[in-house]
Amino acid sequence: MTAVACNGVARERGFALLVLLGVIGAASMAIVLAATAMLPPLAGRVVTTTDHVETAVLAARTGYLRNGAFPANLTAAATASGLDPRGAWRNDPYGVAQDLGYGMFGTTLRVRSRGTDRAFGTADDVTYLLPTERHLRLRQRGRLRVLRALFAVSPYRTAGTMSAAEQASMRAAMRDFAIAQRRWLGADAATLPTLAARLVTAGTTITDLVALHSLPALPVALTGAGGLATAIGAADSACVDGARRPLLRHATVGFCAAGNDRVGGTNDDM
């Protein structure tokens, strides 16, 4: 073979190699583009992750306020809040066709994304914790207000012998006691003495007015025949807390909700 022929063969082989490399490169680029399409750019993923996690948290909150418990999963959360159960909001931007993490962690709901390493349980997880206690109290606050409002105008806390000033003092003391009790949980060390003083002052005012006007003692039972609920015109079915557990009888404000510990007379009472 002549030198010219050899050079021609070499050039053809070189061209073929370039074509092969080009095909491989194109295939690799197609794979990269496909992966990029499935996972948005980093900056976009950060924003999308925040949006998706916050949407899931809002759906869980709505479910709790409506039903007294966090939805069991993302589909149940969608049903409770009116979201599309197959919507993109539930997808983890750091996973490929995977949902956000959703489940109870002790008494706290945990919603999380896998983060940049695409694995749960590592330092880069995007996590939101939603304590049950906060939503339990929010749910039962309105119910307690209604029951205590009925109690405050009942014969147990008002009488025809009271002056207008005394009636106003009774209502204010009832309100102050309830507010101080509600704020006790989560108060810092500097605030607790102030709340304790408010409880004592309000409680003393109520006790003194009850004694001064010989107001009747509260029924022993909260519900049932002859119970406090019936006596003030409330239904027994209304005497449940945010988790649908029975309320407790309270000597000062009539009705009390135990917190997550389910025990009356502790710091998380409301």
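Assorted remarks:
- Simple label model, 7 Å out from Cα along Cβ direction - Ala187 to Val153, nm: 2.9 nm
- Packing, taken as the mean count of other beta carbons within 10 Å per residue, orders the peptides 101-108, 252-259 from highest to lowest as 252-259, 101-108.
- In this structure the amide hydrogen of Gly115, modeled in the peptide plane, comes within under 5 Å of the amide hydrogens of Tyr94, Val126, none closer than 5 places in sequence on its chain.
- Per-residue 3J(HN,Hα) values for the stretch 265-270, derived from phi via the Karplus relation 6.51 cos²θ - 1.76 cosθ + 1.60 with θ = phi - 60°, read x, 10, 5, 9, 5, 9 Hz in sequence order (x marks Gly and Pro).
- Distances between placed amide hydrogens fall under 5 Å for Asp269 paired with Gly259, all partners being 5 or more residues away or on another chain.
- Other-chain or far-sequence residues with amide H under 5 Å of Phe255's (modelled H): His250
- Backbone N under 20 Å from the Asn267 label point (7 Å along Cα→Cβ), restricted to the stretch 226-257: 257
- For the pair Thr122 and Ser237 in one chain, pulling the backbone fully straight at 0.36 nm per residue adds 36.8 nm over the alpha carbon distance.
- For Ala221 and Arg245, the difference between the fully extended length at 0.36 nm per residue and the C-alpha to C-alpha distance is 7.1 nm.
- Per-residue ³J(HN,Hα) for the stretch 125-132, Karplus 6.51 cos²θ - 1.76 cosθ + 1.60, θ = phi - 60°, Hz, x for Gly and Pro: 4, 9, 10, 10, 9, 10, x, 5
- With Cα atoms as the point set, the radius of gyration and Dmax of the stretch 42-124 evaluate to 12.5, 37 Å.
- Using the Cβ-Cβ distance between Thr230 and Arg175 with R0 = 22 Å, the FRET efficiency computed as 1/(1 + (r/R0)^6) comes to roughly 0.35.
Every read-out reported here was derived from the displayed coordinates using simple, explicitly stated rules and does not represent laboratory data. Computed from a predicted structure; not experimentally measured. Every residue, glycine as well, gets a Cβ built from its backbone with ideal geometry; the counts of neighbours run over all protein chains shown.
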